[in-house]
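Novice: Dropping a structure here in structure tokens format, bear with me for questions.
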Amino acid sequence: MRFILLVIICLLAQLALPGPSFAEESSKIELSDPQTQGGMPLMQALKERQSTREFSSRPLSQEVLSDLLWAAFGINRPDSGKRTAPSARNWQEMDIYVVMEDRSYIYYPQEHSLEVAAEGDLRAYTGRQDFAAKAPLNLVLVADTTRMTGVSEEDTGFYKGADAGFISQNIYLFCASQGLATVVRANIDRDLLGKALNLEEHQRIVLAQSVGYPAGYVQEF
Ligand SMILES: Cc1cc2nc3c(=O)[nH]c(=O)nc-3n(C[C@H](O)[C@H](O)[C@H](O)COP(=O)(O)O)c2cc1C
């Protein structure tokens, strides 16, 4: 009888445990399937879209991060592997780096997963403005120039800027729809951040975007 009680308690304790935390030891995190239904009507999200530079320190849940990354540049047509944002020549050259308090990750859209890119808190490196270090999440849009084939070096600048812009607007609209604060940023020390994120020469930082709950956020129950 005691043994059965012990087993029941163990099972209940397992159920009560939260999902894997961002601080878990594994270098890979499989994100939960994104919620791709519902949300705020598009016209309302457009009405609410804005830049906000004051953030609460409240972290984002893994579910919100999963939905955010899918909305930003996830795969919305699995048959073709095409994405929620367009890209010139379908290069899909933009990688999203996810910079959080404990670690930084790279987002893999095919597996909808994260892999550790660097250890430690690199948020302050993602921008020259103080709030970057306080926002719980900074997304860094990094172009892999080896995927940008068939155009002149001069034109790659234009294309990667345009491609990053679409992703940024997806992030803005997702944040508007979820009541999250966000601001896109070009004011970045790219050399410093590139070294901190262990980027290679062919990887170019285009934009960063801070995301979090707005300052003064009070959780509703
Ligand atoms: C390409 C680009 C770069 C930006 N860089 C920064 C930046 O480095 N820091 C910042 O605080 N805001 C930055 N912004 C946000 C703009 O300042 C903001 O979009 C503008 O003031 C309009 O405000 P709104 O987004 O609320 O409409 C940037 C916006 C864009 C499109």
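Rule-based calculations on the coordinates, nothing more; no lab input. Nothing here was measured: the structure is a model prediction, and the numbers come from that model.
Novice: Could you tell me the distance between the Cα centroids of the stretch 22-78 and the stretch 102-126, to the nearest Å?
Specialist: Computed from Cα coordinates, the inter-centre distance equals 14 Å.
Novice: What percent does the relative contact order of the chain come to when contacts are Cα pairs within less than 8 Å and at least six residues apart?
Specialist: Once normalised by length, the contact order is 26 percent.
Novice: Give me the log10 of I(q) over I(0) for the chain at q = 0.08 Å⁻¹, as the Debye formula computes it from C-alpha points; what are the numbers?
Specialist: -0.31
Novice: Next question, about the same structure. Given the chain, what count of lysine pairs have C-alpha atoms under 25 Å apart, with each pair 8 or more places apart or on different chains?
Specialist: Count of close lysine pairs: 6.
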